[in-house]
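Report on the following structure.
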2 protein chains.
Amino acid sequence: MPAKKVCIVGSGNWGMAIAKVIGENVVANGKFQHSVPMYVYEELIDGKKLTEIINTDHENVKYLPGHRIPDNIVADPDLLHVVENADVIVFVTPHQFVYSICKTLKGKVKKSAICVSLIKGLDMHEGNLDLISNIVRRDLEIPCAVLMGANIAGEVASGLFCEATIGCDDAVLGNLLKDLFHRPYFRVAVVQDEDTVELCGALKNIVGVGAGIVDGLGCGGNTKAAVIRLGLLEIVQFCNTFFKKARTETFLESCGFADLVTTCYCGRNRKVAEAFVLSAGQKTIEELEEELLNGQKLQGPPTAAEVYKFLKGKNMLHDFPLFTCIHEICIGKMKPGDFIECLKNHS
Amino acid sequence: MPAKKVCIVGSGNWGMAIAKVIGENVVANGKFQHSVPMYVYEELIDGKKLTEIINTDHENVKYLPGHRIPDNIVADPDLLHVVENADVIVFVTPHQFVYSICKTLKGKVKKSAICVSLIKGLDMHEGNLDLISNIVRRDLEIPCAVLMGANIAGEVASGLFCEATIGCDDAVLGNLLKDLFHRPYFRVAVVQDEDTVELCGALKNIVGVGAGIVDGLGCGGNTKAAVIRLGLLEIVQFCNTFFKKARTETFLESCGFADLVTTCYCGRNRKVAEAFVLSAGQKTIEELEEELLNGQKLQGPPTAAEVYKFLKGKNMLHDFPLFTCIHEICIGKMKPGDFIECLKNHS
């Protein structure tokens, strides 16, 4: 079999970290071409193009400073050039950009290509809530697997051990993707339950906001454990109510409760939500996102908003009280302190 | 029905916190006598008896300083006097003292009494590993339920919201115990799976040591998530292999993964294990327990030792690599840094 061409679309914090994993793996494994083009949205950093900085210094000084990525990762601002003839397309952009990227790529990708999405989010499509991977499947007409897990980018880039989960309903493709991602320090399991894996990755960010709220309220580890637990129960219920029935074991994979825990203790949604509560109404979530995240995007509040809109349309807000309260706190409709009442009364 | 007499055996950190919950509940709920005797192992604190301090100042200045407990909790150094005519006996001592306490109480408790154990640990009995509650059942010949959960004592005493799980196979007794423990800030669920609830409470402390080891190694949130996840999988496997089959839902209760998370982020086993790794062989676990815990006992290392001995006897150490490595690190047979290899190779 000829070596497969891999490309990466996206170059943020997580994109750069996974580029390190992929860059090492394509060299270690005979199945892939060694050169991996990466689509980088061009920005000027101190007057210099980000693509040039990455290709010269092998570091993304804006989104993952301090980490060298392999030389075979080649930054390119031309999206169509990046995906040209690619056999495996790795999507790792903020979910806000997926529509425009897919529009650009429509009809331009190899018919036999496969996609793997590392994007955490959900999409409102024709009044219904949909998976990001379904945008890719619809627009590009190719299969789309997902990779999720307890994977804080900086730690992955530092080579600290972690686990991840590939959701891929096609076992053969799943194994190919495992070869692309699995490293000794990045342990990958493949499960044939791709919808659930993706939903876990999206919905955990809502719970991460909840964890930040109780941290901002000064509640301690017991209360946070309750938020994490009730959050997981709502994630399970959401998957089983609105998508094809989840395999219970999937929630025990890294993409499930493990990622949820890390998100609730170490994630950016937690951090901004805590600051939001501590600001006591002086700052909005958006202002704090701008202030604290250095251009990174927050996925929890927009995902909470989409889930809220979707549940409201179905008259089912009361079935997901945690998700509901978290959104209402984010938009200022409910006071952060009332979150504890929500926990106390959770059914 | 005449009001039931409740007593508490134990007055450490957790004993004092739960005494606050119980002391409030017996007054709020008509089913119980208001006065609750509490067995306190007598110690002199600055020349004054601990029982006298508790009964005068309503504070255990040694084990839960800064928290006032209700006046209806009456400290008493006479164990037999405390349990005399008691209908509900709450056991909340370190597990090292259960044998001698049960020996003293044998034949002295009311035949219709019930016990509820809050003790986290396991017992080696006639070459087999057994539950602490079974010592109580055997010696006192009365039913023994358990209460476990994500319940750091100081936070419970501060009235910060948390959840807990009662394991009680008899639904009627379970409901009575729920009345005794459930408060607006201490939300109790009852499950008829008492063995699993108790095993979760014991085994999570081994995993808490593992979390401390990776913290000591400076590994970050991703690696810790892997420890927590693999630890939960070994807990589930242990329950199902050696005890009656667990209900999967029990692991989703507070006693299950929620308590595990709190233990791995906020618990004393984590703290001492982290210090042990950072001491780089200069101090033993026992020395650090003495140094850091102000008289509190550590349950993780002894539980790991008992589980290890038990598994070794069955030639099954390799089926529980995480539990095995954690014990071997505790006793200095394995280097802390090798723990990462254990995670990487976990089946």
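The values are calculated or read from the model by the stated rules, or taken from the named source; none is laboratory data. Because the structure is predicted, anything quoted here is derived from the model rather than measured. Note that we place each Cβ from the backbone using ideal geometry, even for glycine, and neighbour counts take in every protein chain shown.
Counting only helices (runs of 4 or more DSSP H) that sit wholly inside segment B:248-330, those with at least 3 residues that are of a type outside the set (D, E, K, R) and within 30 Å of A:Val236 (Cβ to Cβ) are B:259-266, B:300-313, B:321-330.
One residue alone among A:Ala171, A:Ala150, A:Ala157, A:Ala164 is at negative phi, in contact with a Gly (Cβ under 6 Å, 6 or more places away or on another chain) and not assigned by TED's automatic domain parsing to the domain that holds A:Leu293, and that residue is A:Ala164. Residue pairs whose Cβ atoms lie under 7 Å apart, sitting 6 or more positions apart in sequence or on different chains, and linking a residue in segment A:63-85 that is assigned by TED's automatic domain parsing to the domain that holds A:Cys102 to a partner that is of a type in the set (Phe, Trp, Tyr) and in a strand (DSSP E or B), are A:Asp76/A:Tyr39; A:Leu79/A:Tyr39; A:Val82/A:Tyr39. Out of A:Val209, A:Val214, A:Val197, A:Val227, one residue alone is out of contact with any strand residue (DSSP E or B) (no Cβ under 9 Å at 6 or more places or on another chain), buried (at least 23 other Cβ atoms within 10 Å of the Cβ) and away from every other protein chain (no Cβ under 13 Å). It is A:Val209.
Report whether or not B:Val146 is β-branched (Val, Ile, Thr) and either within 12 Å of chain A (Cβ to nearest Cβ) or in contact with a Pro (Cβ under 9 Å, 6 or more places away or on another chain) (or both). No.
Note on segment A:94-114: residues that are outside any helix (DSSP H, G or I), modelled with pLDDT of 95 or more and surrounded by 17 or more Cβ atoms within 10 Å (Cβ to Cβ) amount to 3.
Determine whether segment A:181-189 contains at least one residue that is away from chain B (no Cβ under 14 Å), surrounded by fewer than 24 Cβ atoms within 10 Å (Cβ to Cβ) and charged (D, E, K, R). Scanning segment A:181-189 turns up no residue that is away from chain B (no Cβ under 14 Å), surrounded by fewer than 24 Cβ atoms within 10 Å (Cβ to Cβ) and charged (D, E, K, R). Screening B:Glu249, B:Glu291 for residues that are within 14 Å of chain A (Cβ to nearest Cβ), under 24 Å from the mean Cα position of the chain (by Cα) and surrounded by fewer than 16 Cβ atoms within 10 Å (Cβ to Cβ) leaves exactly one candidate, B:Glu249. With respect to the conditions (1) out of contact with any Lys or Arg (no Cβ under 9 Å at 6 or more places or on another chain); (2) hydrophobic (A, V, I, L, M, F, W, C); (3) at pLDDT below 95, B:Leu293 falls short on a single one, namely (1). Selection of segment B:195-218 for residues being of a type in the set (Gly, Ala, Ser) and either out of contact with any Pro (no Cβ under 7 Å at 6 or more places or on another chain) or within 16 Å of B:Thr262 (Cβ to Cβ) (or both) yields B:Gly201, B:Ala202, B:Gly208, B:Gly210, B:Ala211, B:Gly212, B:Gly218.
Being closer than 24 Å to A:Leu131 by Cα and touching a Cys at 6+ places or on another chain (Cβ under 6 Å) is a property that does not hold for A:Gly231. Counting only residues that are among the polar types (S, T, N, Q) and assigned to a helix (DSSP H, G or I), which one in segment A:13-60 is farthest from A:Asp71 (Cα to Cα)? Looking at residues that are among the polar types (S, T, N, Q) and assigned to a helix (DSSP H, G or I), I get A:Asn13.
Tally the residues that are more than 25 Å from the chain's Cα centre (by Cα) and either away from chain A (no Cβ under 14 Å) or in contact (Cβ under 8 Å) with a residue 24 or more places away in the chain (or both), restricting the search to segment B:320-344. Going through segment B:320-344 one residue at a time, the tally reaches 9. Residues that are in the same structural domain as B:Asn134 (by TED's automatic domain parsing), closer than 28 Å to B:Pro143 by Cβ and of a type in the set (Ser, Thr, Tyr): does segment B:45-58 have at least one? Taking every residue of segment B:45-58 in turn, none turns out to be in the same structural domain as B:Asn134 (by TED's automatic domain parsing), closer than 28 Å to B:Pro143 by Cβ and of a type in the set (Ser, Thr, Tyr). Just one residue in the set B:Ser117, B:Ser133, B:Ser158 is small (Gly, Ala, Ser), buried (at least 17 other Cβ atoms within 10 Å of the Cβ), more than 19 Å from B:Val6 (Cβ to Cβ) and in contact (Cβ under 8 Å) with a residue 60 or more places away in the chain; that residue is B:Ser158. Considering the conditions (1) more than 7 Å from every other protein chain (Cβ to nearest Cβ); (2) in contact with a strand residue (DSSP E or B) (Cβ under 8 Å, 6 or more places away or on another chain); (3) surrounded by 22 or more Cβ atoms within 10 Å (Cβ to Cβ), B:Ala258 is excluded by exactly one of them, (1).
Going by what's in this entry, would B:Asp46 be described as surrounded by fewer than 20 Cβ atoms within 10 Å (Cβ to Cβ), more than 15 Å from B:Val6 (Cα to Cα) and acidic (Asp, Glu)? In short, yes.
For segment B:49-90, the tally of residues that are surrounded by 14 or more Cβ atoms within 10 Å (Cβ to Cβ) and of a type in the set (Gly, Ala, Ser) stands at 2.
Residue pairs whose Cβ atoms lie under 6 Å apart, sitting 6 or more positions apart in sequence or on different chains, and linking a residue in segment B:11-24 that is over 12 Å from B:Gly154 (Cβ atoms) and in contact (Cβ under 8 Å) with a residue 24 or more places away in the chain to a partner that is among the charged types (D, E, K, R) and surrounded by fewer than 24 Cβ atoms within 10 Å (Cβ to Cβ), are B:Val21/B:Arg183. Going by what's in this entry, would A:Cys266 be described as more than 8 Å from chain B (Cβ to nearest Cβ) and either surrounded by fewer than 22 Cβ atoms within 10 Å (Cβ to Cβ) or modelled with pLDDT of 95 or more (or both)? Here the answer is no, as A:Cys266 does not meet what is asked. Against the condition over 16 Å from the mean Cα position of the chain (by Cα) and assigned to a helix (DSSP H, G or I), how does A:Val82 come out, does it pass? When the stated conditions are applied, A:Val82 passes them. In the set (1) surrounded by fewer than 21 Cβ atoms within 10 Å (Cβ to Cβ); (2) in contact with a Leu (Cβ under 6 Å, 6 or more places away or on another chain); (3) touching a residue at least 12 places away in the same chain (Cβ under 8 Å), A:Ser347 fails one condition alone, (2).
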